[in-house]
Each structure stands twice: as structure tokens, then as C-alpha cells.
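Remarks on the structure that follows.
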Amino acid sequence: MTKILAIESSCDETAAAVVVDGRNVKSNVISTQIPVHTLYGGVVPEIASRKHIERINQVITEALSQADETLDDMDAIAVTYGPGLVGPLLVGVAEAKAIAYAKKLPLVGVHHIEGHISANYIEYPELEPPFLCLVVSGGHTHLVRVADYGKYEILGRTVDDAAGEAFDKVARAIGLGYPGGPKVEAAAKSGDPNAIPFPKGKVGDSEYDFSFSGLKSAVLNYLNKEKMAGHTVNENDLAASFQKSVVDVLLEHGMKGVEEYGAKRFAIAGGVASNQALRSAFEKACHERGVEFFCPSPILCTDNAAMIGAAGYYEYMAGRRDGWDLNAIPGLKLGER
Ligand code: KG4
Ligand code: ZN
């Protein structure tokens, strides 16, 4: 049995978890800073760093206590070291190094996106690579081919805004507040997705890359034009139409990948993967093609440390060990060391 204490602090969630053999989650503690950042309409990096410092020890103590374990029972410490906000990342990395040093435990640095992908291993104990995975979060939009544990081929990515970022910006423009994703989804439930024809979030005729800044501008232009004309905007229709544009292009590129690579399994991951419209659209498309579909529970889609423990386990088994020079890398690329 390999017991890993995992730490995640790349953005606005301070999280710690105890994970056994990569898939058995003994505890998954998340202290969210959303109420703090809501006041400012988005994550304020400096405040996020301070909150991580204030909370991290307590979150780790709680994770160990819920798992009924102590640091002496751990076999390794896994920590997110990128990508993300540098200050927040540094808090987790420094904490992980301190614990690993004091307890003479191996230290394993984990890529945040690898964590999101690995949330699927927790939800589905039988899932094994190869599979395709769409990672959609506040900072990332990647269509990835998971060839094996720790082996990734990026088929497409966003060239500007991430999908979650687009949700957040559109929510701000309509005045729904932060974080925008769940609020836009709630508004979209009572709207007509075909009411406003927005462009799809894509780059020219690139097969797999995404671009959401044009879609965001189209939403803002629409809002301005309607306001100038003295019309009242139906926010629910706008939210539903925007959401449809995002889901349509994600689905189109995802299913193109399924066909080209003859994929038998398709997974989604990241904060935006909690979106019910997205989940249903992928579930249906996969079902129609005889492809097995995987989507983690919302608690595993959002930033958490259990997913870092899952990814950390496979890195640990592959022999990855980091030294005391492990540093936060805000722009860390997937598959890079
Ligand atoms: O994965 P995550 O928790 O953090 C990052 O690594 O970025 O993702 C957060 C993002 C935010 O942009 C948030 O608005 C979006 O995920 N999000 C959603 C939903 N829930 C969270 N977007 C659309 N629909 C949702 N239900
Ligand atoms: Zn994330």
C-alpha cells in the first residue's frame, strides 16, 4: 500500500488529501476562498497567497485526521508545482518541502492538469489509458490524448481565453458575479440556446485548437448594441446561447479526436466539466458512437488535492522524486519536467 499526502494551492482553493494507491481517497479537504475573492469580482493573487498561508496547516491536519492517519504513516508527499499563480503555488510547494524534509519522505511534484485528468481514475477505478480527455477549467482548455500513465499528447488547446475564463467574463458582463460558470449555467437553464446566433469558439479552420475571445467579444458587442437600442436583454437567452456556442465547439473537436484516433474512451475534467449541459452533450455523443464516457463528480472536477494524490501516485510509481530545489512554475507545460 502506498499512502500519499497530497497538497494543492495553485489558485483559490487550499486543499489536502490522503490517497491510497492512487485511487482510494481517504480524505479530501478543500477550503475555498471564493467568498473572499467574490468581493473583487475575481481571484486577487496576493490575497490568495495570504489565505493559503493562513489555512494550509489546518487543512492538512484536517485531511490526516479525517483519514485517521498521521504524517508518520505517509509514504510520499505530492504537491502541485504548476501551472497556476506563482504566490499560491509557492505556499503549497514550501509546505510540501518542509514536511518531506522533516519526515524524510519522498517529494513528488505534480502538474495541475495531470491532476485534473487523474480525477477520472478516482471516480472510475477500472479506467486505464489510453483515452482522450477534454480538460476545461478557469485557466486551461486542452484536448489531450492520454497514451499511458504520465504520457500525454496535446491535440488542441485554446490560443487565448480558457473556457472557464470565458464563462467568468460573460458572467461579469451580464452582472452575475464570480465565479461565473455556475451562474451562467443556472441562467441558461431558463433560456433558449438558439435565441442568439453567436460564433463558435474556434480558430480559423484549425482542427483542434480553440479560441474563446471572439465569442466573448460577440457577447459584449451584442449587449452594447441592445443597450444602445434601448432594448432589454434577456439574460437567460444570452447565457444559454453563449453556453451552447462553447459546448458545441468543445464537442465538435472532441468527437473529431474520437474519430481520428479511434478512441474507445472519452473523459472530461476540470471546473467547467461540472457543467450539466456539457456533460449531457458529451454523454449523448459518446453513446451514439459506442464510446465509453467518463466524467468525475463535481467535487473532483473543481480544484482539489485528491486528484493530485492520484496523479502523484503514478508519478511516484514511475520513479519521480523531486529535490529541495523544486520550485513553483506558473507556466509549466503538460508533459514537461
Ligand atoms: O478547475 P477549476 O476549479 O480551477 C482551475 O484550475 O481553473 O475551474 C474553475 C473554473 C471557473 O472558471 C468556473 O467559472 C468554471 O470552472 N466552472 C464552470 C462551472 N463550474 C465551475 N463553468 C461552467 N459551468 C459550471 N457549472
Ligand atoms: Zn484546476
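The values are calculated or read from the model by the stated rules, or taken from the named source; none is laboratory data. Source: prediction; values computed, not measured. Virtual Cβ from ideal backbone geometry, glycine too; neighbours counted across all protein chains shown. Surface accessibility is based on the protein's heavy atoms, side chains included, excluding ligands, DNA and RNA. Shrake-Rupley method; radii C 1.70, N 1.55, O 1.52, S 1.80 Å.
Ile268 meets the conditions (1) part of a strand (DSSP E or B); (2) of a type outside the set (Lys, Arg); (3) open to solvent by 10 Å² or more (accessible area, probe 1.4 Å) in every case but one. The failed one is (3).
One line per residue, one yes/no per condition, for (1) outside any strand (DSSP E or B); (2) at pLDDT below 95; (3) open to solvent by 60 Å² or more (accessible area, probe 1.4 Å):
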site: Glu126; (1), (2), (3): yes, no, yes
site: Phe167; (1), (2), (3): yes, no, no
site: Arg172; (1), (2), (3): yes, yes, yes
site: Tyr178; (1), (2), (3): yes, yes, no
site: Glu185; (1), (2), (3): yes, no, no
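What residue, of Ala78, Ala63, is at pLDDT 95 or above, buried (at least 18 other Cβ atoms within 10 Å of the Cβ) and out of contact with any Gly (no Cβ under 9 Å at 6 or more places or on another chain)?
Values: Ala78 fails: out of contact with any Gly (no Cβ under 9 Å at 6 or more places or on another chain).
After applying the criteria, what remains is Ala63.
Of all residues in segment 282-322, those that are open to solvent by 30 Å² or more (accessible area, probe 1.4 Å) and either at pLDDT below 95 or of a type outside the set (Phe, Trp, Tyr) (or both) total 16.
Going through (1) assigned to a helix (DSSP H, G or I); (2) of a type outside the set (D, E, K, R); (3) farther than 18 Å from Val136 by Cα; (4) touching a strand residue (DSSP E or B) at 6+ places or on another chain (Cβ under 9 Å) one by one, Ser206 falls short only on (1). If the condition is being within 16 Å of ligand 1 (Cβ to nearest atom) and touching a Leu at 6+ places or on another chain (Cβ under 9 Å), then segment 72-88 contributes Val79, Thr80, Tyr81, Gly82, Pro83, Gly84. Against the test of being touching a Cys at 6+ places or on another chain (Cβ under 7 Å) and open to solvent by 50 Å² or more (accessible area, probe 1.4 Å), the options Leu39, Leu85, Leu90 yield a single qualifying residue, Leu85. Filtering segment 138-157 down to residues that are within 12 Å of ligand 1 (Cβ to nearest atom) and open to solvent by 10 Å² or more (accessible area, probe 1.4 Å), which residue is modelled with the highest pLDDT? So the residue we want is His142.
Could we say that Leu278 is within 16 Å of ligand 1 (Cβ to nearest atom) and not acidic (Asp, Glu) here? If you could, list the steps in order and put the result at the bottom.
Numbers: within 16 Å of ligand 1 (Cβ to nearest atom): yes; not acidic (Asp, Glu): yes.
Taking the combined requirement at face value, the residue satisfies it.
Across segment 225-232, not a single residue is classified as crowded, with 19+ Cβ neighbours inside 10 Å and among the aliphatic types (A, V, I, L, M).
His37 fulfils the conditions (1) modelled with pLDDT of 95 or more; (2) within 15 Å of ligand 1 (Cβ to nearest atom) except for a single criterion, (1).
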